[in-house]
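One structure is given below, encoded as C-alpha cells.
The values are calculated or read from the model by the stated rules, or taken from the named source; none is laboratory data. Keep in mind it's a predicted model, so treat the numbers as computed, not measured. Cβ sites come from the backbone with ideal geometry, for glycine too, and all protein chains shown count toward neighbours. SASA here: full protein model, heavy atoms, side chains in, ligands and nucleic acids out. Shrake-Rupley method; radii C 1.70, N 1.55, O 1.52, S 1.80 Å.
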Amino acid sequence: MTSTTSTPPKQSSGLGRRRLGVPSVTLMIIAASAPLTVVAGGVTTTFAVTGVIGVPIGFIVLAAALAVFAVGYAAMSRYVTNAGAFYAYIAQGIGRPFGVGASLVALVAYNAMQVGIYGLFGFQMSMFLEAKLGITTPWWLWILVCIGVVAVLGVNRVDLSAKVLGILVALEFVAVLVFDIVSFSVAPEGVSTAGLELSNLFVPGVGAVLSFGIAAFMGFESAAIYGEESKDPKRTVARATYAAVAIIGVFYAFSAWAFTVGIGPSQIAEASATYGPDLMFVFMSEHAPVIISDLMQVLFLTSLFAALQSFHNAVARYLYSLGREGVLHPRLGSVRAVSRAPWAGSLAQTIIALVVTLGFVFAGEVMGLKNDFAPTEFLYPVLTMFTWLTNTGAMGLVLLMCIIAISVIGFFRRDRRGLGRWSTFIAPLISAVVLFTVFVLIVANFNVLLGQAETTPVTFVLPALLIVPGVLGVIWGFAIRSRNPELYARIGHGIEEAEVDLIDGEGHRGI
C-alpha cells in the first residue's frame, strides 16, 4: 500500500478504448471457466467425491441462481464502468472503505484461481509428454514456460488475447461436443434422465455438489472488468454476462448428463473415483479413434491455458484500477503506450505467479512436503497448489458476489434511475440469500473440497488468506478517509469519461 499522500498520475489512466464487443467479452468469460477442464476434471471430481447422480441438474439450478444475480449486476453495470469491477461496485453501493477491503479479497481470490490452475497445467503437461513421448520433465518447468507466454500476451492489446482465447474456447466446445455425441451413442444403460431429476440432486451430499459446481462458473462475473475496454459499456457487460451464464449453464448440464449416459448412471460415481479427470480420455480411447483422445488431451491443456490468460487479465486490470485511483502504488496504474494494456499490473501478476510457484516447488522438493500431502509424488501439484488455491479463490469470489448483490440494493436505494424494483431490490435480495447459502455450504464442506479426511491447519489458513486482507483493506480505507479526503473521494469512481476522452486524444506515456 502506498502513502495516502500519493495521487495517481493522469498519464497512467486509460486502457485501450472501445475494442471489445459482446462476443469477445463473452468468450473471455467462458475461457476463465475452462469448459473442457470443468467437464473432464470438475464433473468427474464431483461425481467421485459426492456419489450424487444429480450433478447435471445441479448446474441448471446454479445457472438459474446466477442469472438472478446477473439482473442486479447488469443493472448496476449501466452506471458503473470501472476495471476494478467488484471493488468499484461495492465502493459505490456500500461504502468506499468496504470497496477497498473487497478489492484485496478480489486480488487474493483471482490470483489464487490463476496460480492454482498453473499447478494442474504443469502436472498435465509433464504427464502428457511422458505418456506420449517418453520424456520425463519436472511439472514446474512447464509452469515457468507458461508464465512467460501469458506475460507476453498480458502486455499486448486486449483484443489479441480475446482472439487467442476465442479460438481455444471454440476448439474446447467442439471437443466436448464430440465426447457428448459418442456418449449418447454408447449409452450402456440407455439414455437415462436420472442425472436431470431434481430428486437425485436434493439428497445427502447436495451441499458438496453445489460447492463444487459454483467453482465451474467462476469467471462469469468478470465482464465488468472489461467495461472500460468495451465498445458499448452500458450494454456489453450486461449482454455478455447473461450470455455467459446461459451458455455455461446449459453446456455443463448437457455434458455432465452425457457423462452419466455414456458411463451409465449406476457406474458413473465408481468410474469417476477410479479414473478421475482421465475418465473422459479413457472413455474416448475405448470408443473412438486414439487420435481423437490424444487431441482432446491437447485441448485440455489449451483449456487450462485459456483460463490462465483470462484470470491474468482480470488481476492486471484490478491492480491497474487500484493504482490509478491511488489505493495501491500509483505506478500500478500505468498502461503501455502502444497496446494500452495495463503493463504494470500484468507484470505484478506475473511476479506473484512466479513467486508462489517457486514457493510450492521449494516446499515440495526441498522441504519434502510432497511426501506429506500427496499419496504419490507426481500428484503433489494437483493436491496442493491446484486444489488449495482454486477452492480458496472460489470461496472468495462467492463471498464477493454475495456482497455485490447487497451493494446493488445500496446503489439504487435513493435513486432507482427509472428501473423497476425487480432489478434494483428483489432480484439482488434473492441472489444475496442464495449466494450466502452457497458460501456457507462451501465453508461447511471445505474439508471435502480440499480432499481432506479431517480438519488440518490448512483448513483455517486458506480462508484466512481471504478474510485478513479484507479486514485490513477496510481499515486502510478508513485511514485514507481521515488522511487524504481527495484521494478517498476517487475510490471506486475511476476517472470521468471526459477525462478518458482527453487522454485518448493526447496519448499516453508508457513502455
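The test for being open to solvent by 50 Å² or more (accessible area, probe 1.4 Å) and either touching a residue at least 60 places away in the same chain (Cβ under 8 Å) or touching a helix residue (DSSP H, G or I) at 6+ places or on another chain (Cβ under 6 Å) (or both) holds for Pro188. Here Val206 passes the criteria (1) open to solvent by 10 Å² or more (accessible area, probe 1.4 Å); (2) closer than 27 Å to Phe311 by Cβ except the one numbered (2). Inspection of the range 62-74 identifies no residue that is under 13 Å from Ile248 (Cβ atoms), at pLDDT below 90 and open to solvent by 20 Å² or more (accessible area, probe 1.4 Å). Checked against the criterion of being of a type in the set (S, T, N, Q), over 24 Å from Phe362 (Cβ atoms), open to solvent by 10 Å² or more (accessible area, probe 1.4 Å) and in contact with a helix residue (DSSP H, G or I) (Cβ under 8 Å, 6 or more places away or on another chain), the range 125-138 contains not a single residue that satisfies it. More than 30 Å from Ser321 (Cβ to Cβ) and of a type outside the set (Phe, Trp, Tyr): does that describe Gly101? No; evaluated as a whole, the condition is false for this residue. Which one of these does Glu270 not meet: (1) free of Cβ contacts under 8 Å to residues at least 60 places away in the same chain; (2) open to solvent by less than 50 Å² (accessible area, probe 1.4 Å)? All conditions are met except number (2).
In the range 34-55, the residues that are open to solvent by 20 Å² or more (accessible area, probe 1.4 Å) reach residues that are outside any helix (DSSP H, G or I) with C-beta atoms within less than 6 angstrom, at least six apart or across chains, in these pairs: Thr50/Gly205; Ile53/Pro265. Checking each residue in the range 482-496 for being in contact (Cβ under 8 Å) with a residue 24 or more places away in the chain and surrounded by fewer than 18 Cβ atoms within 10 Å (Cβ to Cβ) picks out Arg483, Asn484, Glu486, His493.
Any residue at all in the range 313-320 that is aromatic (Phe, Trp, Tyr), crowded, with 20+ Cβ neighbours inside 10 Å, assigned to a helix (DSSP H, G or I) and modelled with pLDDT of 90 or more?
No, every residue in the range 313-320 fails to be aromatic (Phe, Trp, Tyr), crowded, with 20+ Cβ neighbours inside 10 Å, assigned to a helix (DSSP H, G or I) and modelled with pLDDT of 90 or more.
For the range 302-318, a tally of residues being of a type in the set (A, V, I, L, M) and in contact with a Pro (Cβ under 7 Å, 6 or more places away or on another chain) returns 1.
For the range 287-308, a residue qualifies if it is surrounded by 24 or more Cβ atoms within 10 Å (Cβ to Cβ) and polar (S, T, N, Q), and exactly one does: Ser303.
Considering each of Leu389, Leu419 in turn, give the residue that is out of contact with any Ser or Thr (no Cβ under 9 Å at 6 or more places or on another chain), touching a residue at least 60 places away in the same chain (Cβ under 8 Å) and not in a helix (DSSP H, G or I). Before the answer, list the steps.
On the way: Leu389 fails: not in a helix (DSSP H, G or I).
Only one candidate passes the filter, namely Leu419.
Checked against the criterion of being at pLDDT 85 or above, open to solvent by less than 10 Å² (accessible area, probe 1.4 Å) and on the phi > 0 side of the Ramachandran plot, the candidates Gly249, Gly262, Gly326, Gly219 yield just one match: Gly326. Residues in the range 329-380 that are outside any helix (DSSP H, G or I) and either under 16 Å from Tyr110 (Cβ atoms) or open to solvent by less than 30 Å² (accessible area, probe 1.4 Å) (or both): Ser334, Val335, Ser339, Ala341, Pro342, Gly368, Ala374. Take the residues in the range 131-181 that are among the charged types (D, E, K, R) and modelled with pLDDT under 95; name whichever of them is nearest to the chain's Cα centre (by Cα). Residue satisfying both the conditions and the ranking: Glu172.
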